[in-house]
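Visitor: Questions regarding the structure given below will be posed in turn.
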Amino acid sequence: MVDHERDGAPVLITEAAPSYEDQHAARKRKYAIMMGARIPCLVLAMVFYQTWWLALAFLVLSVPLPWMAVLIANDRPPRKAEQANRFVKERRALEARGHQVIEG
């Protein structure tokens, strides 16, 4: 097979990485969800204040959420170390047709 690294063949970009704006929006969405999950934990800790072990469990659960949300929001997806997907033109062969032979 021919190496198409630098021969000028077009690169297929159908599996291109998401744009920076899309990545940033996804990270903001994850951050908002994780920080939003902290509020119900704190509310449930207040609701179950008479059951101290349950209230403490909800408080302990809510403590690392901001830290994890920041780590996840600041983490960009890893870059893929893939080879470029080059367009390879399909080679067609001529059809073999029967032909008339004239013997003379």
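Visitor: For Arg91 and Thr51, compute 0.36 nm times the residue count separating them, minus their Cα-Cα distance, and round to one decimal in nm.
Guide: Computed gain between Arg91 and Thr51 is 6.9 nm.
Visitor: Using 0.36 nm per residue of separation minus the Cα-Cα distance, give me the extension gain between Met35 and Trp67 in nm, one decimal.
Guide: Length gained between Met35 and Trp67: 10.6 nm.
All of the numbers you see were taken from the coordinates with simple rules; none came from a lab. Every value quoted in this text rests on a predicted model; they were computed, and no experiment measured them.
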